[in-house]
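S.K.: The structure that follows is given in the form of structure tokens.
Just so it is clear, none of the values below were taken in a lab; they were calculated from the coordinates. No experiment lies behind these values; they were computed from the predicted model shown. Counting neighbours? That spans all protein chains shown, and the Cβs are built from the backbone with ideal geometry, glycine included.
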């Protein structure tokens, strides 16, 4: 079924996909994604002009942003934007789209966006903004921070997951957070929940000689709070699986509502 679906879109009515990231338009991950998907979809890429990791859903409001056309050819247009990943999506949807995108993709991120990392991720900021706008969206991340990371094992999964997201759609105000382990071959795909973890030891002192004030480097270690749970994204990644985590934008703590109602 999927083969026929891909063949149809290659020849008749190609999907229109908006792509952004938080590593910048020159990063290896986003360019591998472009090379992988341009055969099966028309692509609009609006990505930061440099690294914006950790920007989450931040927007630029104190000064203007600008964009530069980098590349334009049949089925592919690429802009570099001075703003955040979320800015890129907003700009694309308000100025550059040819028609309403069938899907929005963030990535491929250089680094792990599982568990608590998803809250800080600019890659996730891309897809969360898309979900807020009523568009289906998927974030792709590889657990390898290297600028020269090998994305080759991801290729068939990128096409498969993208096409299935296009075919099935996603409910409003939801998106998919897809993380790939760093290994040459994957055990398969696992649908997972977000693991519970927190960052600790996050501040490293720097030598302040000759500098005004106190200087620190934000670093840290990710502390696993449920290392034995087997239904989480962290477990899947540590066992060689592609972790697919359905994510919702509704932050309501529904389990607290009965208690709060009894108090108020």
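S.K.: What ranking do 63, 110 get, fewest neighbouring Cβ atoms within 10 angstrom at the top?
M.R.: With the sparsest Cβ surroundings first, the list reads 63, 110.
S.K.: Another one. Using the alpha carbon gyration tensor of the range 131-264, what are the three equivalent-ellipsoid semi-axes (square root of 5 times each eigenvalue), largest first, in whole Å? Write down the numbers at each step before the final one.
M.R.: Values: eigenvalues 184, 141, 56 Å².
Rounded to whole Å, the semi-axes are 30, 27, 17.
S.K.: Could I ask something else about it? Got the relative contact order for the chain handy, in percent, Cα pairs under 8 Å and 6 or more residues apart?
M.R.: Numbers: 566 pairs, mean separation 44.6, N = 264.
Once divided by the residue count of the chain, the mean separation gives 17 percent.
S.K.: Still on this structure: Just to verify a number: FRET efficiency for residue 203 and residue 62, C-beta to C-beta distance, R0 = 25 Å, to 0.05?
M.R.: Working: r = 26 Å, r/R0 = 1.04.
Calculated transfer efficiency: 0.45.
S.K.: Mind listing P(r) for the range 112-182? All alpha-carbon pairs, 10 Å bins, whole percents.
M.R.: Cα pair-distance distribution for the range 112-182, in percent: 20, 48, 29, 3.
S.K.: If you don't mind, another one. Neighbour counts of other C-beta atoms within 10 Å: give me 141, 20, 146, 262 arranged from fewest to most. It would help to have the intermediate numbers written out before the result.
M.R.: Values: 141 27, 20 33, 146 11, 262 7.
Final ranking by Cβ density, sparse to dense: 262, 146, 141, 20.
S.K.: I'd like the per residue volume of the convex hull spanned by the Cα atoms of the range 61-110, given in cubic angstrom.
M.R.: Numbers: hull volume 5.4 nm³, N = 50.
So the per-residue hull volume is 108 Å³.
S.K.: In the Gaussian network model of the chain, springs joining C-alpha atoms below 10 Å, which of 99, 155, 211 carries the largest mean-square fluctuation?
M.R.: The residue with the greatest mean-square fluctuation here is 211.
S.K.: How far, in nm, would the chain grow between residue 173 and residue 239 when pulled straight, counting 0.36 nm per residue and subtracting the alpha carbon separation? Walk me through the numbers before you get to the answer.
M.R.: Details: separation 66, 0.36 × 66 = 23.76 nm, distance 2.98 nm.
Gain on stretching residue 173 to residue 239: 20.8 nm.
S.K.: Rg to Rh for the range 209-264: what is it, with Cα atoms only and Rh by Kirkwood?
M.R.: Values: Rg = 20.1 Å, Rh = 16.4 Å.
We get a ratio of 1.23 for the range 209-264.
S.K.: Between residue 148 and residue 74, what is 0.36 nm times their sequence separation minus the Cα-Cα distance? Round to one decimal in nm.
M.R.: Values: separation 74, 0.36 × 74 = 26.64 nm, distance 2.79 nm.
So the chain would gain 23.8 nm between residue 148 and residue 74.
S.K.: Continuing with the same structure: Once you sort the root eigenvalues of the Cα gyration tensor of the range 26-127 as a ≥ b ≥ c, which label holds: rounded (a/c under 1.5), prolate (a/b larger than b/c) or oblate (the other case)?
M.R.: Numbers: a/c = 1.70, a/b = 1.19, b/c = 1.43.
Oblate is the answer for the range 26-127, as a/c is 1.5 or above yet b/c matches or exceeds a/b.
S.K.: Something else: For the range 105-189, calculate the relative contact order in percent as a whole number, restricting contacts to Cα pairs under 8 Å that are 6 or more residues apart. Can you show the working numbers first?
M.R.: Numbers: 124 pairs, mean separation 32.7, N = 85.
That works out to 38 percent.
S.K.: Shifting gears a bit: Let me know the shape class of the range 167-244, please: from the alpha-carbon gyration tensor, a ≥ b ≥ c as square roots of the eigenvalues, rounded when a/c is under 1.5, otherwise prolate if a/b is greater than b/c, or oblate. Don't skip to the answer; put the middle values down first.
M.R.: Working: a/c = 2.69, a/b = 2.15, b/c = 1.25.
Prolate is the answer for the range 167-244, as a/c is 1.5 or above and a/b outweighs b/c.
S.K.: May I pose another question? Just grab the label-to-label distance for residue 253 and residue 164, each label 7 Å out from Cα along the Cβ direction, in nm (one decimal).
M.R.: About 3.3 nm separates the two model spin labels.
S.K.: Would you mind ranking 44, 166 so that the residue whose beta carbon has the fewest other beta carbons within 10 Å leads the list? Walk me through the numbers before you get to the answer.
M.R.: Numbers: 44 22, 166 19.
With the fewest neighbours first, 44, 166 line up as 166, 44.
S.K.: Whole number please: convex hull volume per residue, Cα atoms of the chain, in Å³.
M.R.: Details: hull volume 49.2 nm³, N = 264.
In the chain, the Cα convex hull volume per residue is 186 Å³.
S.K.: Can you tell which of 38, 185, 90 shows the greatest fluctuation in a Gaussian network model of the chain with Cα springs below 10 Å?
M.R.: Fluctuation is largest for 185.
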